[in-house]
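Below is one structure, written out as structure tokens, with a few remarks after it.
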Amino acid sequence: MSTPRAPQLGWLLRTLRPGVVAASVLAIASAPALGQTSELALDTEETVQIGPGTATVATLTGAQNAFALLALDVDPGPTLLGGDLVPLGLTPALTLLPFGATNGAGVASWVLPIPADPSFVGAQFYFGGAVADIAAPGGLALSNGASLEVVDVPTTRGVELGGRALNAAPGFTPQVVFQTGQPISVAVDAFRQPYVAGKQVDVYLVEARSAAEWASSAVLVDASSDGPETFRPRTTRFSSNHIVIEPGALPGSTGEELGAAYDVVVDTNRNGLLDDGDLIDGLGDEVGLYIVPEIGAPGPYAVTSTLYNGPTQWLRSKVYWPSNIASLSNLPFVQISHGNGHNYQWYDHLGEHLASWGFVVSSHRNNTVPGVQSAATTIIDNLDHFFGSLAAISPALVGKVDNTRIGMIGHSRGGEGVSIAYHRLFVGTVTPANYDISGIKIVSAIAPTYFEGSSSTPDTIHDGSYHLWVGGADADVNGCTSSAAPAVMGHYGWALGERSMINVQGAGHGAFHDGGGSTVSSGPCLLSRTDVHSIMRPHALALFSHYLKDDPAAEEFLWREWTDLRPLGVTSSSCAVVTVVHTSNDASTSLIVDDFESQGSLFVASSGAAVDFTVGNVSEGELTDNDNFTQSIGSEPFNAFTHGRGGEPTNGAVFSFGGGASQYFRYEIPIGMRDVSAYDQIAFMLAQQSRDTNTVSLGDELRFSLRLIDGNGRGKTLGVDGYGDGIGQPYQRGGCGTGTGWASEFESFRLPLVDFLRDDTLIDLTDVQYITFLFGSANGSASGRVAIDQVEFTLR
Amino acid sequence: MQRFTVAALALVASAALATLAVALRPTPTAAPATLEVIERVPFSLASPATHWFRAEQPSFAAGELVVVRSNGPDLTLMGVATPVLYCGAETAQQLNIGSSGYVVCVVPFAADADRVDGSGPWFLGAPELPERVTLATARAEYAGALDRGARRQPVEPRARVELADEIALSALAADLVERFVEGEADTVRALRGE
């Protein structure tokens, strides 16, 4: 606090003028009972910050059509006066403002302009008022206190504004990617942005501009379908402190980029310009949000394809590219490698789709019948041959395909083959002439076999980026046990770099290609080939757009919960249950609290964080089930987990809770790691353990809560319910031992850290001491058994 | 000129197969073999090919294309390991999916292997990836099959076809798939590259 110089106060007082503002504007639903007290607000708040040259409106609410007075002081008091506490210091600087009167709604108001004099910055004034009321003691209903601080008009600030409403605390969460049709909301946290508290502001959705473009023109041009919105952020009830600024009518991207880019601007001085004091989501070169159309639908380009026969029978392929390739340049490349008993002409659903979005795609004949090593040889040879034979394939391709942006995707034995191929390139046993391993940005495997997991030529892609597709109803590479070729999830553990996985319940092995015939599936609620392809098209497009185009709107499709970001146009079948998991494994973008790969003690995390818990039956170890899925957690705590196969970095922990009582699993962060303010999210992977008695008993999504507590003991708890679903129920497939429930499926959860700062629970993110996972009826589901892995703070 | 000659020979062979294929299907009077030999087409290759189905990956310049019908075991190609298909002490190269019960195979006359021909004995060994099977394993499997009573099948081979290379062999195999196997038009196109 600082005390203003007397001339400043005098100048201020000379500028004050009483006024009465329309009651319809100032009606306050929570007005006090007349005759008891009166209520004072500055711009509807008890505390405001305003800049020199601006004004605030003081409103005093009490009895109708009554005498009203307002006083200011430089000390907040309170002072005992005549048996009442007056919210003022009653210093010599105490000043009574011109008298006023309440109107028929019981409201009196004063406009309080602040001179455009920088010397006022830092001044604080305290206000108190009274309304004549015969029912009040002494005939006056005293008000609460209110304060005004004159502050420098802040420069334009970058904050997260765009997001969506939640049905539980915190009531709103920031979001970057929206799909066409989804409303876009904006929330302003007046606790964290007190300068806008109580002010009427205009909110614009503008086409994204770079820093240079903003410097060139600061004029706000609203691009929403219904014009800019006006609202008044409050310091109370953040959960309802948001408005819809776009109902979802904008079409999204019409080009080959997935999202149309927008910035969101809160124009605090309502001058139609981005300038000082305004808030922007998309500061500088950043983008506030993206609107994504139906990315499972064909992209903007027509597609040309051809069958190519090279000099050997294993150099045959079907190649797809945008028909207008002559007007495009440097297109990324995706090679598809089929599986055993499959055919290179069975992947039109991927080739046509990706090419329509600006990729060149080749699906080649793959020598899979001998085995996965032969397949890998074919994969390597075809990739090299492709880049060395562009003119022979089609003159249209010459000079148009980028050999530094390559994606590989294989199916079944081809899925394992792509990993082996990458390994050979990595260790240098092959040296292609027309590309380099550094050009391979992503290796993706659809229901890959697992023959070579622990051999001398392992199917590992080392620290390359890896992506895995799992079909829950696969009747070939079925995922039963970790100890044989069907251990499809084992590949995930071998990938040491950025990795992600999509698990499609009800999808059979043959549903991933379009060759017709059986979908090679087993289990309930089976998906048709059409259903599965409707899931594959958008997911594959997002995958390759992320890794090969660095498309900023793509990544969220790899980790956001399916119920939260279900691509438009995918099957509406209730059997289409999909989980996704994504981990960056990148120390430059994440602070890993526990990956369970070191510190084998139950009570110490890999980061050194202390672990304690009241949950039961806790075990830490490799997520490996070497026999069948028969339930026996007493002797086999990782039953029905197939993510490891010995020697892999695939450890995790499992635990149970039940009886309805509140139970926890908690980390105490080491002192040197407690500053997480540079990160955007807290992320973790959780799964329900299939066939466990608690899981069977629950028979539903498993819901829980997460609590962060800082070093001062301030905490905030958020229930996962507010964001969508909990941990998905395992696929209810029988076989592979007794019982029902197929391989346990991890899924990613990422909660924005800002969500823990809402309202008045201002956790200090520079000093986060505890991360507590809370279970039991008070926190979600009454009982369950959970596996946990990869707890970390991440950048968005 | 040589290529034209080989192609012409292949066409002749195809035409002969078209005519005789149905007639050559045996009408067994006794219980058929579990893996029944339907057709044998010996061939030679001007350019040797690689036998990917054995760990040693020997080359071969001759062999037989054989059509086998399963009267029991499922010969459908899978992602996971399935029983390895043998002809004598050699692994057979299955060229089509096989879900119909008919498979078209290459039996290579590899330089490092014991002499075999398309009469068999045909049998299924332990589940494994063929590329992991060594010659020693193949011989052991063969010995075991003989102990279990596996026998050759007296099916006369067609006249030997001289082919240029593996591509021509693939095309000839496509003809056999087209004639003997139902529901594998895509396999035929892939073998022909069309």
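Any read-out appearing in this document is the output of simple, stated calculations on the displayed coordinates, not a laboratory observation. These figures come from a predicted structure and were not determined experimentally. Because the Cβ atoms are built from the backbone with ideal geometry, glycine has one as well, and the counts that use them run over all protein chains shown.
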Positive-end extreme of charge dipole, chain A - chosen from A:VAL196, A:MET536, A:TYR770 (charges on Cβ)
A:MET536
Return an integer: the convex hull volume of the alpha-carbon atoms of the protein assembly as shown, in Å³ per residue.
185 Å³
More than 31 Å apart: what percent of Cα pairs in region A:590-794 qualify?
16 percent
Which of A:ILE295, A:LEU273, A:GLY310 sits farthest toward the positive end of the charge dipole of region A:251-313, with +1 on the Cβ of Lys and Arg and -1 on the Cβ of Asp and Glu?
A:GLY310
Contact order normalised by residue count of region A:336-383, Cα under 8 Å, 6+ apart, percent:
39 percent
Cβ-Cβ cut-off under 14 Å around A:ARG537, Lys and Arg +1, Asp and Glu -1: the net charge is -3
Work from the charge dipole of the protein assembly as shown (Cβ charges, +1 for Lys and Arg, -1 for Asp and Glu, about the Cα centre) and give the residue of A:ASN403, B:SER100, A:SER781 farthest towards its positive end.
B:SER100
Most exposed first by the Cβ proxy, i.e. fewest other Cβ within 10 Å, how do B:MET78, A:MET489, A:MET673 rank?
A:MET673, B:MET78, A:MET489
Show me the trypsin sites (Lys or Arg not before Pro) within region B:118-161 that DSSP assigns to loop and that have at most 12 other Cβ atoms within 10 Å of their Cβ.
B:ARG148
Prolate/oblate/rounded call for region B:89-194, Cα gyration tensor, a/c under 1.5 rounded:
prolate
Looking at the protein assembly as shown, how many pairs of lysines come closer than 23 Å at the Cα, when each pair is eight or more places apart or spans two chains?
6
What's the ranking of A:350-359, A:185-194 by average number of surrounding C-beta atoms within 10 Å, highest first?
A:350-359, A:185-194
Post the alpha-carbon centroid distance, region B:153-182 to region A:490-538, in whole angstrom.
36 Å
Explain nothing, just the number: relative contact order of region A:184-295, from Cα pairs under 8 Å at least 6 residues apart, as a whole percent.
33 percent
Taking neighbour counts of Cβ atoms within 10 Å as a proxy for exposure, in what order, fewest first, do A:THR79, A:THR642, A:THR235 appear?
A:THR79, A:THR235, A:THR642
Segments A:381-392, A:54-65 sorted - mean Cβ within 10 Å per residue, highest first:
A:54-65, A:381-392
From Cα pairs below 8 angstrom and at least 6 apart in sequence, can you work out the relative contact order of chain A, rounded to a whole percent?
9 percent
Centre separation in Å (Cα based) which lies between region A:657-726 and region B:104-147
57 Å
Give me the percent of DSSP beta bridges within region A:157-292 that run antiparallel, rounded to the nearest 5.
85 percent
Would you calculate, for the protein assembly as shown, the mean residue ellipticity at 222 nm contributed by helices, counting each DSSP H stretch of 4 or more residues as -39,500 (n - 2.57) and dividing by all residues, to the nearest 500?
-5000 deg cm²/dmol
Counting only DSSP beta bridges with both residues in chain A, tell me the antiparallel percent, nearest 5.
75 percent
Which values, in whole Å and largest first, are the semi-axes of the equivalent ellipsoid of region A:157-292 obtained as the square root of 5 times each eigenvalue of the Cα gyration tensor?
22, 19, 12
Any idea what log10 I(q)/I(0) is at q = 0.17, 0.32 Å⁻¹ for region A:647-688, Debye with uniform C-alpha scatterers and no solvent?
-0.83, -1.21
Likely footprinting exposure, A:THR519, A:THR431, A:THR630, fewest C-beta neighbours within 10 Å first
A:THR431, A:THR630, A:THR519
Only Lys, Arg (+1) and Asp, Glu (-1) charged, at Cβ; the protein assembly as shown dipole about Cα centre in debye
1680 debye
